Each structure stands twice: as C-alpha cells, then as structure tokens.
1. Starting at the first residue of segment 258-263, write each ³J(HN,Hα) from the Karplus equation 6.51 cos²θ - 1.76 cosθ + 1.60 with θ = phi - 60°, in whole Hz, x for Gly and Pro.
2. Over segment 48-202, what is the mean sequence separation of C-alpha contacts under 8 Å (at least six apart), divided by residue count, expressed as relative contact order in percent?
3. Provide the net charge surrounding residue 237, with neighbours chosen by a C-beta distance below 9 Å and charges set as Lys +1, Arg +1, Asp -1, Glu -1.
4. Give the percent of DSSP beta bridges with both residues in the chain that are antiparallel, rounded to the nearest 5.
5. Just want to confirm a number: the relative contact order over segment 30-92, from Cα pairs under 8 angstrom separated by 6+ residues, in percent.
6. Please give me the summed charge of the neighbours of residue 212: other residues whose Cβ is under 14 Å from its Cβ, Lys and Arg +1, Asp and Glu -1.
7. For segment 148-278, what is the charge dipole size about the Cα centre, in debye to the nearest 20, if Lys and Arg each add +1 at the Cβ and Asp and Glu each add -1 at the Cβ?
8. Just to be sure I understand the model, the point goes 7 Å from the Cα along the line to the Cβ. What's the resulting residue 356 to residue 211 distance in nm?
Amino acid sequence: MKFLVLSFCLSLTLLSLAIVSQDASAQLRIVTYNTNTFGTEANGSDVRTIRDEADIVIQAIGEEVVNGFARPADIIMLQEQQRPNTTTQDFVNRLNNIYNGQGITYARGFQVGQTIIDTPDGSLSSNEIRQSVVYRTDSVSLISEDSFGALNGTTLRQPRETLMHQFRPVGYGASADLFVFNGHWKASDGNANEAQRETEADQIRNYIDSNGLGNRNVIVGGDFNVSDNFSNSGNSAFNGQSALEILSAAGPGRVLDPLFPDNESVNFSIYDSGVPNTVNGVDLASFLTQSPSGQGGALVGGGIDDRFDFLLNSDELLDDEGVSVINGSLRTFGNNGSTGNTQINDGNTIEFDGVTSFTDQEVLDALESASDHLPVVQDFQIPSVLEAQLVGSIPTTVEQGSAVDLLLAIRNAADVLLPQGADELDFQFSTMGDLFGSETGVDDALGSVFNGIVSLDTTQLGTRSGVITVSSNSQDVANGLFSIPVSFEVVAAIPEPGSITLTALIGVALATRRRR
C-alpha cells in the first residue's frame, strides 16, 4: 500500500528535544603562579598589589596556542598574596580590564587560610603571605572552599594552611567537579624544613581520603619548594618518604606528576645534583620554575635552577575520560630549557606560538620582572554533552500496514574549539511500546551527527504509543539521559484513486448473479 499521512501534530523542520539549562563550557586552562607581592606597597601603604608586568604574563598565557588552541585561563591558583581582599582583588580588576567586552569575567575566592610567623612561638598572622584563587565565572562555578593544616607544634607543622577550592564546569553536574588544592610549602633545605613539607603533603593526602575524594577529579598544585623528589627528613612519622612520595603513594587518594603518569621514580633536582636533564625521555630542564628574576631584593634571584611549582593530577584526571588532562599540555610558561642558572630573559630562545599582543622578548622581560617563579599551565578536556533530536515532522495519523520511520539525530554537543577539547560520547538508544529500533555509537566533539532510525508499529488499528530512550555512560557526561514519548493513531488504509476494493468486487458479483 502507498503510505498516506492524513494529518500532522507538528509541522517543524527540526523538532529538538534536547533541553540544556546552561551552555557547557569549552576546555579548561588551569594555572598556578607564585606572584610574590613583596615590595609592591605604594605611598607608604602596607597594602601590596600585583606587579604591573603580571598583566602581560597572564594575557600572554591566554593567547598561547598549545595543541592547536588558545584560551584565557579558567582557574589561576596564586601564592604569596598578602591579603586576598586587596592583593588578589587587584589581580581580578586587572584581568577584567584586559578582557572587558569579551564576555569573560573573573572573580576570586574568599577563603583565607591562617599562617604562622616564622618565630619560636609560632604566632598566627592575619597579614602574612597566603594563597588565593581567581576564576572565570563564564566557565566554572565556585561551589565551596576550605582551609586546613597543622599550624601548631614544632617540627610537624606547616607555615600556611592549604586551601581547597571546589569548582564545577558550567553546564555539568557534580560528578564533573574539580577539587583544587592550593599550597605554598615550607622553603629551604634541612631536616626541619623537609619535615614540614612532608607534614603538608600528609595533611593533603589525609584530607582527600577523609572527605571521600579518592576517586574524584583532584589537582594538587602550588609552590612546593621541593626541587629534590627523594630528599626526606628521616622523621619516623613518614616512613622515609619525601613530600612528593607521600602524595603519589599507592591508594585511591594519590596524585601524580602528569609527566610521569606511571609514577616513575624521578629526581627533579637537575642542576643542584648533576642529574641529566632528560629523565625517562622527558626534558626536565624545560619544567624548572625558580627563579626567573635577576633583580634580587624583593624578588629571589639566582636564575632558573629548581622545579618548585607543580600541578599534580589524580588518576581520574589521567584516564582520558570525562574531565581529563590533555596529553602534552603541561608546561612551565616561558621555559623551553634554553635558560639555566640565569634569569629567564637572558638568551632564551623560546617562541610563544599565537601570542600577538606582545613580542617574545616583552613576555620574557615581564616574567623576569613580575615574580619569583614561572607560571605552570595545564589544559584539560571537558566531558561530553549528549544531545538527541527528532528531525522532521511527526505524523499523528498513519495508515495500517504502512512503513513509517522517524529520524533520530544524536551528537556530542560539547562546546569546544577542537575535538580533543572534550571526551568522546559513548551513547545508545532503544525503544519500547509500539516502536522499533536500537543502536549504539560513539561521537567525537565537533563530529558528524549520528542518524538513527526509529520505526512505528502500524500493524494494529487504534491509538499507539512508545518511548525512545537515549543515554550515555560516558564519564561525567552532561544531559546523559533523554526519554522521548511518541504517540500516533493507526487508521484503516484508504484505497488509492481508481482502485477497486474487495467489498466492491463482492457487491458487483452479487448484483450480476441476481440479474440472471
């Protein structure tokens, strides 16, 4: 029989059944940066600000093209901020001025951790240097903050509480949350200082475990002041483990150096201990962070010779699923390994790909003048976003026995610049009731739309209905389940013009018989 649609319930070119409360954000760029605000007080004030050259640094980080894309920073972990409500707010104001009119707005965290003055009585200070965080409100939401750490005692204490910031990428649920730990560990060599760094690492690991974050997206970053991965205090409380070994020890709460995701034993003290620059195929000279300055005074001089600054990742961020590291994105901004034991702008051969607002030399000069440490930058993919749509018009009335198919469009709708900016979408659809069709598939971000076929069961007369279920089990996926109801009426077939029905043939035969 020829298919004939008698009426339609909708006459839309595209019927979209995907409902998203907020657009999902693009891939994330995260930075840790020790700005050292000492010596920035002006006009007799005791309030420190951010050095002017930091504007150039942070804007250049946002313009730098790595793995094919550039992006203004989403989360900036800051150390050596005197007072977040003045010093960090100055940084926020500068960022909002840079990106004014571009739809990018920055805000700061408000958690203020306690610190201790380095005196025998361990007096608490309200004005000492501390950490804080700045973030893009269009890409991440700050869900919660906390500060913790053992400030009391003698050897087993830490000079500054660690901050924890819980961020949620815009458009995603709680499973995609990032738990960012921002630390500024005790500096200098010697058993007492090493024991304090081990205490800080131990406190972080305990916090992760006691708060059920062992299988979550965790970043532990900041200025760790630890250039030698194997150096430890020998304190029996830590079983001969160094601070970084405590953080990376086996268990669900561990965090790893993304350069060595298999937790290889690596000594980071390249120049101090004469260890070759290349370890397990990684040129560690390009990851040194301290010190870019040759000025001395408020800024620490001495040239680039230590890896003090880290962004360590939990296993969940290293599995290439959901929120995860984009491989090869970790970098010390401004260092390509060409500068050692001298200031960062002395003979540096680096070229900043994509940076157009400043010359390479201007960026290097700003790095030398802005702070004690080079920023460390890392890019992350976001989870996939499921979008399901019925394409075309849905008939309300169809003929019995006719073949009627609906077109179901499924795609990974993650808002990214490149496919590697989001996780792949693993999806499946199925039907129940008076519908037929099921299939599984995979779709990369920015890929082609998958078109599935759903058929209507037209074998029985009357009101018919069914449900199309589209789902995804991709990690941290947004909008991971759609339930699409479909209803229609099956009516008796209408003969085609000029055709003779069986009833009509019987009537003709009976009439002929009577005439005889």
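The values are calculated or read from the model by the stated rules, or taken from the named source; none is laboratory data. Not measured: the values here are computed from a predicted model. Cβ sites come from the backbone with ideal geometry, for glycine too, and all protein chains shown count toward neighbours. We work out accessible area using only protein heavy atoms, side chains counted, and drop any ligands, DNA or RNA first. Shrake-Rupley method; radii C 1.70, N 1.55, O 1.52, S 1.80 Å.
1. With coefficients 6.51, -1.76 and 1.60, one gets x, 5, 9, x, 8, 6 Hz.
2. 19 percent
3. -2
4. On the way: 86 of 103 bridges.
Around 85 percent antiparallel, to the nearest 5.
5. For segment 30-92, the relative contact order is 46 percent.
6. Taking every other residue near residue 212 into account, the sum is -2.
7. 440 debye
8. 4.1 nm
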